[in-house]
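Colleague: Here it is, the structure in full.
Read-outs: derived from the displayed coordinates by stated rules, not from any lab. Just so it is clear, the model here is predicted, and its values are computed rather than measured. In this analysis, Cβ positions are derived from the backbone assuming ideal geometry, glycine residues included, and neighbour counts consider all displayed protein chains.
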Amino acid sequence: MRVIVVGAGIGGLTLAQALHRAGDDVSVHDRDPSASATGGYRLHLDERACAALRRHLRPAHHQALLASSAGPGAFRRLAVTDHRLRVLVLARQDPSGERLLIGRVPLRRLLTHGLDGVVRFGQEFTGHEVHADGSVTARFADGSSERGDLLVGADGVGSRVARALAGRPTSTPVGVTGIAGRTPVDARTRELVPDLLRAGPALAFAPDGVGAFLSLHDPATVPAVDPAACRDVPADVEAPGVVWGLHALDHRLPGDVRERDPAGLAELVTDLLRSWSPGVRALVAAADPGSPASFRFSAVDPDADLTPWPAGPVTCLGDAVHAMPPTGGSAAATAIRDADLLAGHLAAVRAGSTTLPLAVHDYQRQMAAYAPDVVRGSLAPLRWMRAADHPAGGLLARGALPVAALAARASRSLRGRHGRAG
Ligand SMILES: Cc1cc2nc3c(=O)[nH]c(=O)nc-3n(C[C@H](O)[C@H](O)[C@H](O)COP(=O)(O)OP(=O)(O)OC[C@H]3O[C@@H](n4cnc5c(N)ncnc54)[C@H](O)[C@@H]3O)c2cc1C
């Protein structure tokens with residue numbers, strides 16, 4: 001079986017690892033020049049995603065993943081706070097479940113390990129055609145093409161593959177923009193790190209509809225596995241830092257937010273945080289000056305048919321088919337879950353117990369059963385931001401209740417997800 005994957009992001013690379021290890025002929029094509037030449041900060045991998053990666057990576061490779069991540073000790077609970085970092089709710093995590101926090105760039109680099117010749121960077125997908133014999137050809141901007149039995153669009157938000165299948169974009173902007181950056185933790189800044197972050201990330205909300213996510217990454221104090229023990233596959237350890245991400249309703253932001261350079265974004269963040277605790281402001285002010293970046297949140301309509309096309313030699317996974325904002329911390333884990341599910345169905349094709357279209361059909365049906373709830377969960381914090389966005393006084397008091405409800409729901413949903421993980 002020849003599988004062509006468009007997008008060497010988290011989902012596409014997980015699928016490639018699984019198929020390559022199983023002996024399939026797979027190629028992955030990404031428009032980025034390299035795995036490192038990309039953006040992104042912190043990704044959360046839940047128990048199911050961790051289990052999938054453990055299954056599809058060689059033990060030494062999996063060990064390197066753990067050595068490159070902050071382990072469960074760094075995520076004992078999620079704190080929901082107000083903008084002064086006063087705790088409203090603590091959503092405790094199941095201590096028995098495996099969970100990782102890892103930088104997007106190190107994870108992407110690790111997932112390309114062992115895929116020399118399989119992953120081809122600098123190749124932008126432009127379109128595809130399905131042939132009468134059921135095979136498919138993918139075309140790239142450099143004039144090259146690849147013919148295979150299955151084309152998988154793992155090309156993220158704004159996916160060209162999904163748009164071609166659905167005849168329309170599969171997600172739309174949700175009216176919220178994020179601005180994220182990274183503050184290195186060193187002798188100069190260590191005392192700025194709020195104690196609160198040592199037990200897990202915080203999701204903070206101000207009464208004016210501005211929210212922030214704060215997460216400490218300090219592998220030196222919370223090692224998952226000793227990086228020095230990784231000899232076969234080297235660990236990819238990030239320097240300690242606090243990743244922060246502000247999110248605000250678009251109408252609260254200047255029209256040029258997406259054109260601003262890092263310095264312009266830092267200035268905007270300082271302004272947006274003026275009523276926040278001095279500790280948060282000092283932490284953000286100490287950010288790496290080149291780090292602030294803005295991105296628009298997009299999402300699929302969770303009540304729509306996610307795969308409005310007949311199952312055949314082209315399908316999609318991850319954000320390409322169910323884009324969601326990062327506010328649920330679930331997008332990467334769900335892309336990995338999709339890749340794991342699809343790899344399982346393709347194994348049945350290899351074994352001769354099903355056909356390729358049936359395997360794609362079963363994958364799409366099962367994915368469409370869990371993904372909409374994950375999208376809804378990720379959209380919940382944005383609903384609260386909108387509810388709080390009213391020009392009345394005393395909003396914090398009014399807002400605390402919805403936040404508490406949200407956190408309780410988040411906690412229940414995390415417990416539920418882990419319960420189903422089995
Ligand atoms: C630059 C960037 C930074 C991010 N930062 C964060 C973050 O800090 N925190 C967070 O929670 N989430 C972040 N995300 C989103 C997160 O990575 C995804 O939501 C999640 O990993 C789902 O993965 P995916 O495999 O579906 O898509 P992604 O991991 O987004 O991968 C999609 C890949 O497809 C490639 N691609 C797109 N179009 C084409 C094309 N036409 N031809 C070839 N290749 C194409 C892209 O270059 C990308 O590598 C970021 C995404 C990107 C692209």
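Colleague: Go through Val233, Val242, Val225 for me and flag whichever is surrounded by fewer than 22 Cβ atoms within 10 Å (Cβ to Cβ), touching a His at 6+ places or on another chain (Cβ under 8 Å), β-branched (Val, Ile, Thr) and under 22 Å from Arg104 (Cβ atoms).
Modeller: Val233
Colleague: Mind telling me which of the residues Ala162, Ala138 ends up being buried (at least 23 other Cβ atoms within 10 Å of the Cβ) and over 24 Å from the mean Cα position of the chain (by Cα)?
Modeller: Ala138
Colleague: Take the residues in segment 27-49 that are near the ligand (Cβ under 6 Å from one of its atoms) and within 14 Å of Phe140 (Cβ to Cβ), then tell me which one is surrounded by the most Cβ atoms within 10 Å (Cβ to Cβ).
Modeller: Asp30
Colleague: How about segment 307-346: which of its residues are over 16 Å from Val5 (Cβ atoms), touching a residue at least 60 places away in the same chain (Cβ under 8 Å) and more than 13 Å from the ligand (Cβ to nearest atom)?
Modeller: Selection gives Thr307, Pro308, Trp309, Gly312.
Colleague: Moving to a separate point now. Restricting to segment 130-164, give me the number of residues that are in contact (Cβ under 8 Å) with a residue 40 or more places away in the chain and part of a strand (DSSP E or B).
Modeller: Total meeting the criteria: 11.
Colleague: Somewhere in segment 347-356, is a residue within 14 Å of the ligand (Cβ to nearest atom), buried (at least 18 other Cβ atoms within 10 Å of the Cβ) and not aromatic (Phe, Trp, Tyr)?
Modeller: For segment 347-356, residues within 14 Å of the ligand (Cβ to nearest atom), buried (at least 18 other Cβ atoms within 10 Å of the Cβ) and not aromatic (Phe, Trp, Tyr): absent.
Colleague: Anything in segment 97-117 that is away from the ligand (no atom under 13 Å from the Cβ) and assigned to a loop (DSSP other than H, G, I, E, B)? List them, or say none.
Modeller: Gly97, Glu98, Arg99, His113, Gly114, Leu115, Asp116, Gly117
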